[in-house]
Each structure stands twice: as structure tokens, then as C-alpha cells.
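**Student:** Quick one: the structure is below, questions incoming.
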Amino acid sequence: MTTNVIEVNNLEHKYGDLKAVDNISFTVKKGEIFSFLGPNGAGKSTVINILTTLRKIQKGEAKVNGYDVAKESKEVRKSIGIVFQMMCLDYEMTVFENLEYHGMIYSMAKEERRKRIDELIKLTELEAKRNVLAKDLSGGMKRRLELARGLMTRPAVLFLDEPTVGFDIQTRLRMWEYLRNVKKQGTTIFLTTHYMEEADQLSDRISIIDYGKIIVTGSALELKNQLGKDLIYLETSDNKAAADILRTLESVKGVNEDAKFLRVMLGVDVTHILPKIMDLIGQNGIEITTVNIKKPSMDDVFVHYTGHDLREGKPEEKHDESKTVEALR
Amino acid sequence: MSLAFRAVYWREMVKFFRFKSVLFSSLIQPVMWLAFFGLAMSKSFDKLTSMIPSTPGVPTVDYLTYMGAGIIAMDVLFSSLFGGTTLLFDKKFSLLKETLASPISRINIVVGVGLSGMTKAFIQTAIIIVFGRFIGMNFFKGYDPIQTLVSVVGIFLLVGIFTLGFLFLSGSIAITVEQPEGMQSILTLLSMPLFFISNALYPVDAFPEILQFLSIFNPLTLLADGIRYFALGSNFSVMGGHYIYTTADIAMSFLGLVFFALTMLSVVLWRFNKVDI
Ligand SMILES: Nc1ncnc2c1ncn2[C@@H]1O[C@H](COP(=O)(O)OP(=O)(O)O)[C@@H](O)[C@H]1O
Ligand SMILES: [Mg+2]
């Protein structure tokens with residue numbers, strides 16, 4: 001039997017007139033790594049802050065580890081660990097002291113505290129840095145120390161708000177390894193990120209969040225599969241006309257028009273359909289300048305569902321009427 | 001409140017002993033007060049007042065000893081008034097976030113920081129009393145060991161309550177303002193009237209009546225009076241003035257300081273519960 005460690009129903013949050021979180025519902029199952037993937041300003045931190053009881057819930061319902069965030073905030077706080085978006089360590093204290101302080105704050109008994117500190121220092125490979133001041137650690141080590149601190153009290157859920165933002169790829173890969181180990185030990189993880197790879201590589205399930213709304217939820221594989229078997233990127237002399245032609249084909253699941261490219265999603269194997277597509281477009285007097293074939297990636301999934309590229313920000317003209325939030329920013 | 005305030009206290013003390021410059025200056029500060037201000041002032045006051053005949057049959061106290069009580073009060077005033085600054089930096093560097101996100105109530109933070117300030121004030125008070133002996137500050141003159149012990153306990157109690165009050169005040173400001181500069185100027189502004197409208201360094205008898213009246217409510221006066229009651233006795237003369245402290249006076253000092261500390265505690269809790277993270 002799987003139980004839900006996080007349950008959110010119709011959550012809404014406003015800052016003045018700005019609707020930062022817009023009627024979202026989702027569940028996180030025990031033992032899984034669940035990610036919120038979305039660009040800056042999507043509302044990820046706001047959701048984390050509400051779930052960790054740092055921000056009062058305005059509308060809707062949220063339960064963490066079976067406790068209501070509105071009415072049982074103390075119980076919620078006892079059940080969770082947090083790694084904040086902003087680094088917050090006591091730089092004038094050592095690795096050991098930072099962890100010791102955290103254990104004391106949560107009233108852990110001395111023996112238990114020391115035992116847990118040893119375990120976590122090992123898990124995060126900070127053995128050599130045990131008595132080093134936090135300010136003398138590298139960026140990646142500081143983040144690992146924060147991870148260790150978040151796990152001090154053996155929380156039922158660990159919240160991580162953009163855990164690897166700003167780190168190089170090696171540091172990021174290492175962090176993912178630690179998080180997989182944490183998961184193996186039975187801790188449920190809720191994380192936010194705006195890195196495609198992070199959501200893709202690490203999560204059991206992903207919710208793509210944009211303008212305060214959950215656009216779609218599923219495992220990385222499910223999400224990618226919905227884009228079809230293969231993707232063709234086409235650059236033509238008249239993208240718009242070409243798109244209209246392709247949409248009439250049965251084996252084409254969908255076509256996205258990007259600024260430069262056409263992204264053609266296929267329901268069948270690309271090898272058989274490509275010649276047909278090329279012919280059809282050629283017959284209509286449109287010239288094909290580039291063809292590129294690839295398997296759907298998280299980037300493609302993101303663009304498909306949100307209509308914009310996460311990396312390049314959000315082009316204004318691509319917003320439909322449901323995205324009124326932007327106008328208020 | 002849980003025992004979590006011990007964690008906050010422990011952290012403050014670890015850092016107090018870690019920053020050698022902070023540690024050193026807070027230990028040297030009381031010695032400087034005594035050595036420079038104390039000796040200089042007492043020499044000139046003694047010279048000016050040596051002509052005034054003292055009241056017969058009443059023990060005379062020299063100015064340095066009289067002022068020693070005030071120096072303790074001044075010293076702990078300044079260190080506790082600026083003691084809350086740590087919270088400003090904790091807030092600025094989002095260090096408080098970890099603690100504020102924990103299940104403990106915020107009174108633990110306030111009490112932990114308060115008690116650490118109190119410990120530092122005790123260390124400074126002890127330094128003044130001990131170092132003062134060497135330069136002629138005669139506290140506890142003619143007391144037997146029991147009387148001395150009771151007096152020391154009394155002084156530390158008063159200093160403790162006083163320190164908590166000012167740390168809470170300082171903490172409320174720290175948690176409210178955004179910039180260290182803002183905090184600095186508010187504290188400087190506050191310390192002026194506290195410093196001058198009190199009998200810490202000289203008797204207030206010659207003050208204009210309105211200032212004399214105001215000085216009664218100054219926690220610094222209450223503390224200096226209380227320390228004098230314990231250190232100099234209830235009946236002495238200094239600079240020609242005759243002082244009698246009654247039990248009512250010492251009770252006033254205690255109650256006044258307790259009232260001050262409790263008021264500041266509610267202010268700091270109110271400010272802390274407003275902090276958003
Ligand atoms: N304290 C706040 N006051 C006003 N607006 C805020 C505040 N915090 C966040 N916002 C706004 O709410 C939106 C969502 O922010 P946030 O939850 O931080 O997004 P994310 O974490 O996904 O980057 C943004 O437009 C942001 O500017
Ligand atoms: Mg964020």
C-alpha cells in the first residue's frame with residue numbers, strides 16, 4: 001500500500017494582486033522523489049514555503065505527513081527537513097557545530113545527536129571537514145552540509161528548494177548521488193528545480209509548473225512518451241505553411257512552431273515517415289533547409305506543454321489568456 | 001518554552017569565545033573604564049569636595065568607590081544595549097531562518113540570546129569588582145564573608161535582570177530595523193538620556209527637578225542604586241551628601257528592573273512574532 005506523504009488540494013496564493021500559486025493540487029507518495037520543474041517566478045518557492053509552514057496558507061488545503069499545515073504546523077515542522085533556496089549556515093561555526101546546533105534545537109538527546117552527526121558526515125563525505133568552519137568550505141560542501149542538517153532529525157519528508165542552483169555539473173552530479181542515497185534510506189523528497197536534467201535524472205515524478213499552475217504531472221518517461229516516439233526538427237522557407245500541411249497527417253501527433261524551427265511530434269517510427277514528410281512539403285513549394293531527428297527530451301516536454309523555452313525566458317507574445325499573471329508583474 | 005534556548009545560548013557563547021577580538025575587547029572594556037575614567041574623575045572630584053565636612057558618625061565613601069557601582073552599570077548597559085546587534089546580522093544573513101523554521105517557539109531565541117548577554121555581563125561585573133580592589137575601589141568594606149556573599153549575589157541578580165531588559169530592547173530594535181547603521185543611530189540616541197539622566201556617575205541632587213524626577217525611572221539609576229545598597233551599605237556619605245537606602249529603596253530597584261525587563265520581553269516577543277522569512 002502506498003500512502004501519500006504530501007496532499008495538496010486547490011492551493012492558491014496571492015501577493016497583493018499577483019496570483020503566485022493558482023489552484024494547484026497534487027500528491028507525493030511515500031518514498032518517492034517528486035520535483036516541481038519550472039522557471040524562476042513560477043511559484044515553486046511559494047509552494048515550498050506554504051508546505052513547510054513558513055508562509056500562512058491562504059486558500060486550499062495541504063497536508064504533510066498526515067498533518068494539516070494550517071492547524072498542526074508544529075507537527076508538520078517536526079516531520080520535515082528543509083534545504084532553503086538561499087544558503088543559510090552559521091559560517092563562524094564548524095561543520096560539527098552546525099549539525100549539533102540543529103539537533104539541540106530539535107531537542108534530540110546527546111547520544112542520538114552524536115550518532116546521527118557521524119552518519120550524516122559520512123553520507124555527505126565531509127569527514128575531513130568535521131572541525132572546519134563553514135565559511136572555509138567550498139560551495140558544494142556548504143550545500144552538502146545543509147543537506148546533512150536537513151536530515152538531522154530523520155524527517156519523513158525532505159524539502160529542497162533549488163538544491164544545485166549555480167553549481168557546476170560535477171558538483172550537481174554528486175549532489176544527485178547523495179539524494180538517491182537519501183531516497184534509498186526511505187526519505188521522501190520534494191524538490192524544486194529549473195534544471196531539466198535534474199528533474200529528469202533524479203525524480204520519480206515531475207510536475208511542470210508555470211505561472212503558478214501545474215501544467216502536467218508524470219514520470220520523465222511518461223512525459224516524454226506523450227510527445228511520441230521521435231521528434232523531427234525542421235527549418236523551412238515557410239514554417240507556418242509547412243506546419244499546416246503536417247498537421248493534416250495522421251501519423252503526426254502535433255507540431256510546435258518555434259521562432260526558427262518546427263518541432264514535429266510523431267506517433268510512428270521516424271524512418272518510414274520522414275521521406276513522406278519531405279516529399280509533401282516539397283510538393284507545396286516550400287524549401288526545407290535543415291532536418292534534425294532526435295528522441296524527445298525534457299526540454300521538448302517543457303516547450304510542448306508550456307509553449308516556451310525554459311532557458312530563454314518567456315517570450316511575451318506566446319502567452320494565451322490564461323497567463324494573465326505576467327501582466328501584473 | 002522548551003530547553004531549546006540552551007542551543008541558542010550555547011551557540012552565542014561558542015562564538016563569544018571564538019572571536020578573540022570581541023572577547024578581548026569585552027574583557028578589557030571594564031578595565032579601561034575603571035582605569036581611565038574612574039581614576040581621573042575620582043581624583044578631580046575628591047579634590048573639589050575635600051573641603052566639605054562629612055556628616056559625623058556616618059561612614060564616608062570615597063568617590064571612586066561610589067562611582068565603581070556606576071561603572072558596573074554603565075559597562076553592562078553598553079554591552080547589553082549593543083548585544084542585540086547579533087540578531088540583526090543573523091537576520092541579514094538569513095541565519096535565523098533555520099531556527100525560525102523549527103518547531104520551537106521564538107521565545108527560546110530571545111531567552112537564549114538574553115542569557116548569553118547576561119553571562120557576558122557577569123564576567124564584566126566580576127572583572128570590575130576584582131580589578132577595582134587593586135586601584136582602591138572599596139566595595140564590601142567591613143563586611144563579614146556571609147554579608148559579602150549575600151551582597152555579591154544581590155549585585156549579580158540586579159545586573160542580570162537589567163541586562164536581560166536591555167538585551168530584549170536591543171533585540172527588538174535589531175529585528176525591526178533593516179540596516180546596521182540604523183541600529184547604531186537609534187542606540188546612540190537612546191544611550192544619551194540613559195547615560196546623563198542617572199546617578200550612575202555623580203549624585204543627581206543638583207539636577208533640575210524635572211531631570212531628578214525622570215532619573216528615578218531610569219533603569220540605570222535603579223541599577224546603580226541597587227549596587228550601592230549591596231556594595232556600600234545602607235547608610236554612607238559621599239562628597240558631603242548623606243545617603244540612606246531603605247529596604248523600600250532596594251525593593252524599588254528590584255521591582256523597577258523586573259518591570260522593565262518584563263515589558264521589554266513582551267516588546268521583543270511582539271517584534272519577533274512579526275518577523276517573516
Ligand atoms: N514575498 C513576496 N512578495 C511579493 N511577491 C512575491 C513574494 N515572493 C514571491 N513573489 C512573487 O511570486 C511569484 C512566485 O515566486 P516564487 O514562489 O519565489 O517563484 P519560484 O520559486 O518558482 O522562482 C514571483 O512572481 C515572485 O516575484
Ligand atoms: Mg524559488
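**Student:** Which one is surrounded by the most Cβ atoms within 10 Å (Cβ to Cβ), of the residues in segment A:12-23 that are in a strand (DSSP E or B) and within 12 Å of ligand 1 (Cβ to nearest atom)?
**Tutor:** A:V21
**Student:** Looking at B:T86, B:T65, can you tell me which residue is within 14 Å of chain A (Cβ to nearest Cβ) and either on the phi < 0 side of the Ramachandran plot or assigned to a helix (DSSP H, G or I) (or both)?
**Tutor:** Working: B:T65 fails: within 14 Å of chain A (Cβ to nearest Cβ).
Going through B:T86, B:T65 in turn, just one is within 14 Å of chain A (Cβ to nearest Cβ) and either on the phi < 0 side of the Ramachandran plot or assigned to a helix (DSSP H, G or I) (or both): B:T86.
**Student:** Take A:Y67 and tell me if it is within 16 Å of A:A156 (Cα to Cα) and either buried (at least 19 other Cβ atoms within 10 Å of the Cβ) or small (G, A, S) (or both).
**Tutor:** yes
**Student:** Mind checking which residues of segment A:67-93 are more than 7 Å from chain B (Cβ to nearest Cβ) and within 23 Å of A:L179 (Cα to Cα)?
**Tutor:** A:V76, A:S79, A:I80, A:G81, A:V83, A:Q85, A:M87, A:L89
**Student:** Please verify whether segment A:202-215 includes one or more residues that are buried (at least 19 other Cβ atoms within 10 Å of the Cβ), away from ligand 2 (no atom under 16 Å from the Cβ), of a type in the set (D, E) and closer than 30 Å to A:T124 by Cα.
**Tutor:** The answer is no, given that none of the residues of segment A:202-215 is buried (at least 19 other Cβ atoms within 10 Å of the Cβ), away from ligand 2 (no atom under 16 Å from the Cβ), of a type in the set (D, E) and closer than 30 Å to A:T124 by Cα.
**Student:** Give segment B:5-32 a look and list any residue that's modelled with pLDDT under 90, surrounded by 15 or more Cβ atoms within 10 Å (Cβ to Cβ) and within 14 Å of chain A (Cβ to nearest Cβ), or say none.
**Tutor:** B:L23
**Student:** Right, here's the next one. Suppose we keep only residues that are open to solvent by less than 60 Å² (accessible area, probe 1.4 Å) and polar (S, T, N, Q) within segment B:213-265. Which one would you say is farthest from B:T163 (Cα to Cα)?
**Tutor:** Among those residues, the one meeting the criterion is B:S237.
**Student:** Looking only at segment A:30-45, which residues are under 14 Å from A:F159 (Cα atoms) and not aliphatic (A, V, I, L, M)?
**Tutor:** Across segment A:30-45, the qualifying residues are A:K30, A:G31, A:E32, A:F34, A:S35, A:F36, A:K44, A:S45.
**Student:** State the number of residues belonging to segment A:57-77 that are small (G, A, S) and within 16 Å of ligand 1 (Cβ to nearest atom). It would help to see each step written out before you state the result.
**Tutor:** Going through segment A:57-77, the residues small (G, A, S) turn out to be A:60, A:62, A:66, A:70, A:73.
From what is left, the residues that are within 16 Å of ligand 1 (Cβ to nearest atom) are A:60, A:62.
Residues that pass the stated criteria total 2.
**Student:** Here's a follow-up. Which condition number does B:P103 fail, the rest of (1) touching a residue at least 12 places away in the same chain (Cβ under 8 Å); (2) in a loop (DSSP other than H, G, I, E, B); (3) within 14 Å of chain A (Cβ to nearest Cβ) being met?
**Tutor:** Status for B:P103: all satisfied but (1).
**Student:** Let me ask you something else. So if I check each of A:L54, A:L37, which one is more than 9 Å from ligand 1 (Cβ to nearest atom) and open to solvent by less than 10 Å² (accessible area, probe 1.4 Å)?
**Tutor:** A:L37
**Student:** Additional query: Being open to solvent by less than 10 Å² (accessible area, probe 1.4 Å), farther than 19 Å from B:F230 by Cβ and in a helix (DSSP H, G or I) narrows it down to one residue among B:G70, B:G171; which is it?
**Tutor:** B:G171
**Student:** Just a yes or no: is a residue in segment A:175-192 within 15 Å of the chain's Cα centre (by Cα), at pLDDT 95 or above, hydroxyl-bearing (S, T, Y) and within 16 Å of ligand 1 (Cβ to nearest atom)?
**Tutor:** yes
**Student:** Also, I was wondering about something else. Taking the stated definitions as given, is A:K135 touching a residue at least 12 places away in the same chain (Cβ under 8 Å) and within 13 Å of another protein chain (Cβ to nearest Cβ)?
**Tutor:** It is true that A:K135 is touching a residue at least 12 places away in the same chain (Cβ under 8 Å) and within 13 Å of another protein chain (Cβ to nearest Cβ).
**Student:** Turning to a different aspect of this structure: Which of the following residues is in contact with a Gly (Cβ under 6 Å, 6 or more places away or on another chain), open to solvent by 10 Å² or more (accessible area, probe 1.4 Å) and not charged (D, E, K, R): B:L164, B:L149?
**Tutor:** Details: B:L149 fails: in contact with a Gly (Cβ under 6 Å, 6 or more places away or on another chain).
Of the residues listed, the single one that is in contact with a Gly (Cβ under 6 Å, 6 or more places away or on another chain), open to solvent by 10 Å² or more (accessible area, probe 1.4 Å) and not charged (D, E, K, R) is B:L164.
**Student:** A:D118 versus (1) more than 19 Å from B:R18 (Cβ to Cβ); (2) facing chain B (nearest Cβ under 8 Å); (3) not hydroxyl-bearing (S, T, Y): which is the lone unmet condition?
**Tutor:** Failing condition for A:D118: (2).
**Student:** Out of all the residues in segment B:111-128, which are open to solvent by less than 20 Å² (accessible area, probe 1.4 Å) and either more than 20 Å from A:I105 (Cα to Cα) or within 14 Å of chain A (Cβ to nearest Cβ) (or both)?
**Tutor:** Within segment B:111-128, B:G112, B:V113, B:S116, B:A121, B:Q124, B:T125, B:I128 qualify.
**Student:** Right, something else. Identify, by number, the condition in (1) assigned to a helix (DSSP H, G or I); (2) touching a Lys or Arg at 6+ places or on another chain (Cβ under 9 Å); (3) away from ligand 2 (no atom under 16 Å from the Cβ) that A:I50 doesn't meet.
**Tutor:** Unmet condition: (3).
**Student:** If you check B:R133 against the conditions, is it more than 30 Å from A:L51 (Cβ to Cβ), open to solvent by 40 Å² or more (accessible area, probe 1.4 Å) and of a type in the set (K, R)? Lay out the reasoning, then the answer.
**Tutor:** Working: more than 30 Å from A:L51 (Cβ to Cβ): yes; open to solvent by 40 Å² or more (accessible area, probe 1.4 Å): yes; of a type in the set (K, R): yes.
Answer is yes for this residue.
**Student:** Another question about this same structure. Working carefully through the options A:F26, A:F36, find the one that is aromatic (F, W, Y), in contact (Cβ under 8 Å) with a residue 24 or more places away in the chain, away from ligand 2 (no atom under 13 Å from the Cβ) and not in a loop (DSSP other than H, G, I, E, B).
**Tutor:** A:F26
**Student:** Out of (1) within 11 Å of ligand 1 (Cβ to nearest atom); (2) small (G, A, S); (3) part of a loop (DSSP other than H, G, I, E, B), what's the single condition that is false for A:G31?
**Tutor:** (1)
**Student:** Residues that are within 16 Å of ligand 2 (Cβ to nearest atom) and open to solvent by less than 60 Å² (accessible area, probe 1.4 Å): find the helices (runs of 4 or more DSSP H) completely inside segment A:81-191 holding 2 or more of those.
**Tutor:** Output list reads A:139-151.
**Student:** Separate question: Which condition does A:K56 not pass, out of (1) more than 14 Å from chain B (Cβ to nearest Cβ); (2) out of contact with any strand residue (DSSP E or B) (no Cβ under 9 Å at 6 or more places or on another chain), if it passes all the others?
**Tutor:** Of (1) more than 14 Å from chain B (Cβ to nearest Cβ); (2) out of contact with any strand residue (DSSP E or B) (no Cβ under 9 Å at 6 or more places or on another chain), only one is false for A:K56: (1).
**Student:** Looking at (1) touching a residue at least 40 places away in the same chain (Cβ under 8 Å); (2) more than 16 Å from ligand 1 (Cβ to nearest atom); (3) away from chain B (no Cβ under 14 Å), which is the one condition that is false for A:M141?
**Tutor:** Going through the list (1) touching a residue at least 40 places away in the same chain (Cβ under 8 Å); (2) more than 16 Å from ligand 1 (Cβ to nearest atom); (3) away from chain B (no Cβ under 14 Å), A:M141 breaks only (1).
**Student:** Out of all the residues in segment A:116-141, which are over 17 Å from A:E177 (Cβ atoms) and not small (G, A, S)?
**Tutor:** A:R116, A:I117, A:D118, A:K129, A:R130, A:N131, A:V132, A:L133, A:K135, A:D136, A:L137
The values are calculated or read from the model by the stated rules, or taken from the named source; none is laboratory data. Computed from a prediction, not measured in an experiment: that's the story for all the values here. With ideal geometry, Cβ positions are generated from the backbone for all residues, glycine too; neighbour counts draw on all protein chains shown. SASA here: full protein model, heavy atoms, side chains in, ligands and nucleic acids out. Shrake-Rupley method; radii C 1.70, N 1.55, O 1.52, S 1.80 Å.
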